[in-house]
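Just below is one structure, and these are the notes that go with it.
The values are calculated or read from the model by the stated rules, or taken from the named source; none is laboratory data. All of these numbers come straight from a predicted model, not from anything done at the bench. All Cβ positions, glycine included, derive from the backbone under ideal geometry; neighbour counts span all protein chains shown.
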Protein chains: 2
Amino acid sequence: MTVNEFNERLDNYGKIVNDALLKYIPSNDVRQKQVFEAMRYSVMAGGKRIRPVLVLEFCRVCGGDIENALPFACAIEFVHTYSLIHDDLPCMDNAELRRGKPSCHIKFGEATALLAGDALLSLAFETALCNNNIDKIGYYNVIRATGELAKASGAEGMVGGQVIDLDSVGKQIDLDTLEDMHKKKTGAMIIAAAKMGCMVAGADGQKINAAGEYAKRIGLAFQIVDDLLDTQGDTSTLGKPTGSDDVNNKNTYVSLLGIQKSKEMVEKLTDEAIDFLKVFDDNTFLAMLAEKLAKRDR
Amino acid sequence: MTVNEFNERLDNYGKIVNDALLKYIPSNDVRQKQVFEAMRYSVMAGGKRIRPVLVLEFCRVCGGDIENALPFACAIEFVHTYSLIHDDLPCMDNAELRRGKPSCHIKFGEATALLAGDALLSLAFETALCNNNIDKIGYYNVIRATGELAKASGAEGMVGGQVIDLDSVGKQIDLDTLEDMHKKKTGAMIIAAAKMGCMVAGADGQKINAAGEYAKRIGLAFQIVDDLLDTQGDTSTLGKPTGSDDVNNKNTYVSLLGIQKSKEMVEKLTDEAIDFLKVFDDNTFLAMLAEKLAKRDR
């Protein structure tokens, strides 16, 4: 696979995901239309769509139809978007900008933003559980993929990581805590995305586990690259930005390990991630994705 | 069924629900334990457990085992509790008390309360989708009951109603808007509870519809009784309290219809609700529940 072919597939996934995302948020003239506007605004505000891409590609490499994975790709992006809306609220990060645009609560007010986030989480499950999915991939695969999403998004997954993050502000934490935080805060959803893709395709436990191990490592590597980029004055791009002004007060891989060891860790994690792909035929795209994320400069 | 027998069953349902709710929120010593504490605090803060009671009793009258309905009863109570936590936040009702105790954000801080609400919504779906449920009631019934919960809790249901409510503050709204708001804000989840109970028992469409029609009417009647009690200086008890100080600024059934017509509407809705129960054998408890809610004085 050439770099051009890789980029073409990545762009194509982005396009079909964006089209599908919009389809799930109605724009009809109901009394509560402002919440749908806020949901659409935040969902369509951009982003790499890494989680949906993982759902689609893991489904494909497991022999599934990516059309069948699309609702689950959207569901996980709804969960991701809700988490960003709530993260930006004044009681959390109090961020006025998200990807260069006014954050949801700046644009629509705090109450509507709170509710738009809430509604996106429900929409994620509604999207995953729709009858159409059952017809296409069967009850068993719908339930295990949706159950994975529920577990990964909750207090033992993403929300749990946010709580650990909140609790660590202004404290010196150790490497175990930092790793636990990232594994939950961003790792859980990236792992869920990879596993859900396999589940949609009806893959076996060996493949699902390998997908999870790959995703765990690219998620952690992504975070360390974020920390490295922050040190250079850039900002995070996985959706949990770190203002460059608070770099010195933050617990990061760079502050705990130093620049050199952090870079080595990214390389090691990426190599390990790619190694876990050997149970999949036609795994070049996923290998190139791991490398692209590790070597990105923004 | 005597009043004593009715109360005994109601109390028994409350007890088994409370025991089960606790079971689903781990208290182990994880780094993010404060979010579990906040979840437990709000879930166990009391309340009538009307929605869980509807799940259990509709399952029973459809010939199902209430043990099988218990996870779904808990799931819907988790959704209800999350909505109360978010409703109380400063950007929403800014309520410092909930059922006479400090509200979640007063007790645990705003960020933890926000995240505890978020985590409860994910937990609801995790609880509904657990493998144990699949073994007991089958894939089909798990998916349709959980799908109902997703739809009812989102922007077309409960959250939609909250948005209409927010939008109506300080405005004079008409009866259609008021009804639309209540149908969504509290009605959607009460209807979902009744339907989910039937679905867990594997009931047919006729019974599921009848349960929904019954629930729609007791939900609306409940709201009108709330408005009537507010006029007498009491406060709401369905979990969406109206401070007596803002009674005069609020759009209520009483302000739009007057006291007499509001009372007649409660009677009419209750009679209609009971009439929809005729497709169920052994429906006395549900009929008595409708009457109890209509005649309550707090």
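Of all residues in segment B:160-197, how many are of a type in the set (Gly, Ala, Ser) and part of a loop (DSSP other than H, G, I, E, B)?
Residues that pass the stated criteria total 1.
The listed residues are A:ASP204, A:ASP245, and the only one of them that is surrounded by fewer than 22 Cβ atoms within 10 Å (Cβ to Cβ) and modelled with pLDDT of 95 or more turns out to be A:ASP204. Taking first residues from segment B:144-167 that are touching a residue at least 40 places away in the same chain (Cβ under 8 Å) and facing chain A (nearest Cβ under 7 Å) and partners that are surrounded by fewer than 24 Cβ atoms within 10 Å (Cβ to Cβ) and charged (D, E, K, R), the Cβ contacts under 8 Å between residues at least 6 apart in sequence or on separate chains come to B:GLN162/B:ASP87. For segment A:275-294, filtered to residues that are more than 18 Å from A:GLU5 (Cβ to Cβ) and not basic (Lys, Arg), the residue that is surrounded by the fewest Cβ atoms within 10 Å (Cβ to Cβ) is A:ASP275. For A:VAL53, indicate whether it is part of a helix (DSSP H, G or I), within 28 Å of A:ILE137 (Cα to Cα) and more than 14 Å from chain B (Cβ to nearest Cβ). Criteria met by A:VAL53.
Pairing each residue of segment B:286-298 that is of a type in the set (S, T, N, Q) with any residue that is in a helix (DSSP H, G or I), provided the two are 6+ apart or on different chains, yields no C-beta distance under 6 Å. Just one residue in the set B:ALA45, B:ALA95, B:ALA119, B:ALA20 is in contact with a helix residue (DSSP H, G or I) (Cβ under 9 Å, 6 or more places away or on another chain), among the hydrophobic types (A, V, I, L, M, F, W, C) and crowded, with 22+ Cβ neighbours inside 10 Å; that residue is B:ALA119.
For the residues A:ASN132, A:ASN141, the requirement of being more than 9 Å from every other protein chain (Cβ to nearest Cβ) and crowded, with 17+ Cβ neighbours inside 10 Å singles out A:ASN141.
Can you pull out the residues in segment B:170-188 that are hydrophobic (A, V, I, L, M, F, W, C), facing chain A (nearest Cβ under 10 Å) and within 14 Å of B:LEU257 (Cβ to Cβ)? Reasoning before the result, please.
Taking segment B:170-188 as the starting set, the residues that turn out to be hydrophobic (A, V, I, L, M, F, W, C) are B:173, B:175, B:178, B:181, B:188.
Adding the requirement that they be facing chain A (nearest Cβ under 10 Å) leaves B:173, B:181.
The answer is B:ILE173, and nothing else.
State the number of residues belonging to segment B:114-129 that are more than 7 Å from every other protein chain (Cβ to nearest Cβ) and within 27 Å of B:MET181 (Cβ to Cβ).
We begin by selecting, within segment B:114-129, every residue more than 7 Å from every other protein chain (Cβ to nearest Cβ); these are B:116-117, B:120, B:124, B:127-128.
Now drop any that are not within 27 Å of B:MET181 (Cβ to Cβ), which leaves B:116-117, B:120, B:124, B:128.
Of the residues in segment B:114-129, 5 are more than 7 Å from every other protein chain (Cβ to nearest Cβ) and within 27 Å of B:MET181 (Cβ to Cβ).
Could you list, in sequence order, all residues of segment B:27-42 that are facing chain A (nearest Cβ under 8 Å) and either surrounded by fewer than 20 Cβ atoms within 10 Å (Cβ to Cβ) or modelled with pLDDT of 95 or more (or both)? If the condition is that a residue be facing chain A (nearest Cβ under 8 Å) and either surrounded by fewer than 20 Cβ atoms within 10 Å (Cβ to Cβ) or modelled with pLDDT of 95 or more (or both), then B:VAL30, B:ARG31, B:GLN34, B:VAL35, B:PHE36, B:MET39 are the ones that fit. With the structure loaded, tell me whether A:ALA111 is in a helix (DSSP H, G or I) and within 8 Å of chain B (Cβ to nearest Cβ) or whether it fails that test. It is true that A:ALA111 is in a helix (DSSP H, G or I) and within 8 Å of chain B (Cβ to nearest Cβ). Being crowded, with 23+ Cβ neighbours inside 10 Å and within 14 Å of another protein chain (Cβ to nearest Cβ) is a condition met by no residue of segment A:211-232.
Condition test on A:LYS278, is it at pLDDT 95 or above, of a type outside the set (A, V, I, L, M, F, W, C) and more than 19 Å from A:ALA152 (Cα to Cα)? So A:LYS278 fits the description; yes.
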